[in-house]
């Protein structure tokens with residue numbers, strides 16, 4: 001029954017995208033069917049084929065190794081606040097974990113490592129492989145194919161830089177597709193961080209998050225094609241894989257500096273958004289209780305997003321809790337949503353709902369990311385600023401629907 005609920009959700013998400021389409025007379029049936037088939041094929045291959053599943057489970061060791069290596073650095077720099085031995089007796093070890101000094105510095109290590117792997121052409125050629133697959137299966141142009149594939153590894157601001165010579169020439173449909181994919185996936189720089197947070201809750205967390213981002217890629221492409229149809233294809237004669245790194249050491253240095261910017265942004269956003277939520281909850285607390293409990297932003301978001309998560313396949317009895325997570329992810333950001341997810345009581349959601357929400361929250365589709373995307377893309381194409389701004393909120397909807405489809409796919413398979 002729940003699988004049928006998720007199948008109905010897949011149809012509902014496509015229907016909603018069609019309602020919001022700029023041209024309802026042009027529904028891309030072939031791309032929609034191919035995109036959905038690709039989602040299921042990726043999920044089945046990575047989660048059901050024994051060798052692929054073994055690789056994904058083995059990635060837990062990667063998370064542990066990177067976390068351990070990062071802790072060696074945080075212990076040196078921050079001492080006991082970074083996870084080192086305390087110079088006093090710790091009476092409440094459950095409070096000894098300091099997020100900013102122990103978990104978040106992982107972003108620096110991953111950013112530097114990603115830059116190094118790109119300089120060595122490892123990530124670059126993997127990206128070209130993904131781009132080739134998207135061109136052959138979904139008929140994308142070379143420029144947007146490479147740009148969307150790069151989103152899985154680099155993120156929504158860095159990926160378009162690789163196709164900068166072609167950016168001004170992208171059609172409106174291709175531009176919207178690039179924006180939608182950027183908001184529906186997560187960058188490699190934060191994948192390991194998210195896995196470290198939810199690892200205690202979900203088995204094989206890193207493999208699950210990588211799978212979620214890959215499944216959301218074709219979902220975002222088909223959503224973008226429904227909402228902003230177009231047949232134009234921008235071919236790319238040659239994509240320059242060079243990001244400007246002069247040497248391996250230069251790649252590590254630049255990657256670290258880019259990671260530092262991301263780290264400071266994460267810290268600032270967490271601090272400010274948590275404070276704003278607290279302020280809003282104080283104000284809402286002045287209102288009369290609803291259902292014998294104070295009114296809060298989390299409860300309000302739970303009610304608003306309950307129908308969306310129900311369509312993914314979450315039972316209605318659990319939809320308010322799941323809706324709170326999805327609402328936090330969309331209105332605030334996915335990092336806060338994953339933190340809340342890790343803190344849920346064991347019986348708050350069933351294992352199946354846990355899996356659906358893990359996949360549905362795996363994307364940058366939130367208001368803050370929209371602002372970051374607008375800033376980054378308008379620098380690349382200042383002449384298209386008005387068009388980019390006009391498409392931004394529509395891309396937020398497309399990204400949210402895409403990750404919701406990914407959650408529904410897991411609802412069908414689990």
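The values are calculated or read from the model by the stated rules, or taken from the named source; none is laboratory data. The model shown is predicted, which means the values in this text are computed figures rather than measured ones. Heads up, the Cβs are rebuilt from the backbone with ideal geometry, glycines too, and the neighbour counts pull from every protein chain shown.
Give 207, 259 a once-over and let me know the one that is in contact (Cβ under 8 Å) with a residue 40 or more places away in the chain, surrounded by 20 or more Cβ atoms within 10 Å (Cβ to Cβ) and more than 30 Å from residue 13 (Cα to Cα). Give the derivation first.
On the way: 207 fails: more than 30 Å from residue 13 (Cα to Cα).
After ruling out the rest, the residue left standing is 259.
Would you point out the residue of segment 13-37, among those that are closer than 19 Å to residue 414 by Cβ and touching a helix residue (DSSP H, G or I) at 6+ places or on another chain (Cβ under 8 Å), that is surrounded by the most Cβ atoms within 10 Å (Cβ to Cβ)?
Taking the candidates together, the pick is 13.
Could you say whether any residue in segment 371-383 is at pLDDT below 95, surrounded by 21 or more Cβ atoms within 10 Å (Cβ to Cβ) and either out of contact with any helix residue (DSSP H, G or I) (no Cβ under 6 Å at 6 or more places or on another chain) or within 17 Å of residue 183 (Cβ to Cβ) (or both)? Write out each step before concluding.
Initial filter on segment 371-383 (at pLDDT below 95): 371-383.
Subset that is surrounded by 21 or more Cβ atoms within 10 Å (Cβ to Cβ): 373, 377.
Then drop every residue that is not either out of contact with any helix residue (DSSP H, G or I) (no Cβ under 6 Å at 6 or more places or on another chain) or within 17 Å of residue 183 (Cβ to Cβ) (or both), which leaves 373, 377.
Scanning segment 371-383, I find at least one residue that is at pLDDT below 95, surrounded by 21 or more Cβ atoms within 10 Å (Cβ to Cβ) and either out of contact with any helix residue (DSSP H, G or I) (no Cβ under 6 Å at 6 or more places or on another chain) or within 17 Å of residue 183 (Cβ to Cβ) (or both), so the answer is yes.
Let me spell it out: the conditions are (1) crowded, with 22+ Cβ neighbours inside 10 Å; (2) more than 23 Å from residue 277 (Cα to Cα); (3) free of Cβ contacts under 8 Å to residues at least 60 places away in the same chain, and residue 317 meets all of them except one. Which number is the exception?
(1)
I'd like the full set of residues that are more than 11 Å from the chain's Cα centre (by Cα), within 30 Å of residue 70 (Cβ to Cβ) and not in a loop (DSSP other than H, G, I, E, B), limited to segment 154-188.
154, 159, 160, 161, 162
Go through segment 82-99 residue by residue and tally those that are crowded, with 16+ Cβ neighbours inside 10 Å and within 21 Å of residue 265 (Cα to Cα).
So the answer is 1.
Condition (residue is part of a loop (DSSP other than H, G, I, E, B), closer than 27 Å to residue 193 by Cα and either at pLDDT 95 or above or touching a helix residue (DSSP H, G or I) at 6+ places or on another chain (Cβ under 8 Å) (or both)) applied to segment 299-307: is it met by at least one residue?
Within segment 299-307 (the criterion being part of a loop (DSSP other than H, G, I, E, B), closer than 27 Å to residue 193 by Cα and either at pLDDT 95 or above or touching a helix residue (DSSP H, G or I) at 6+ places or on another chain (Cβ under 8 Å) (or both)), the answer is no, since none of the residues qualifies.
Given the conditions (1) surrounded by 24 or more Cβ atoms within 10 Å (Cβ to Cβ); (2) farther than 19 Å from residue 244 by Cβ, and given that residue 199 satisfies all but one, which numbered condition is not satisfied?
For residue 199, the failing item is (1).
Does segment 127-149 include one or more residues that are more than 26 Å from residue 364 (Cβ to Cβ), free of Cβ contacts under 8 Å to residues at least 12 places away in the same chain and either under 22 Å from the mean Cα position of the chain (by Cα) or surrounded by fewer than 17 Cβ atoms within 10 Å (Cβ to Cβ) (or both)?
Among the residues of segment 127-149, at least one is more than 26 Å from residue 364 (Cβ to Cβ), free of Cβ contacts under 8 Å to residues at least 12 places away in the same chain and either under 22 Å from the mean Cα position of the chain (by Cα) or surrounded by fewer than 17 Cβ atoms within 10 Å (Cβ to Cβ) (or both), which makes the answer yes.
Looking at 342, 360, which one is surrounded by 19 or more Cβ atoms within 10 Å (Cβ to Cβ) and touching a residue at least 12 places away in the same chain (Cβ under 8 Å)?
360
Which pairs turn up if I take residues in segment 280-294 that are part of a loop (DSSP other than H, G, I, E, B) and look for partners that are exposed (fewer than 11 other Cβ atoms within 10 Å of the Cβ) with beta carbon separation below 9 Å, at least 6 apart in sequence or on another chain?
Going by the 9 Å Cβ cut-off, the qualifying pairs are 294/287.
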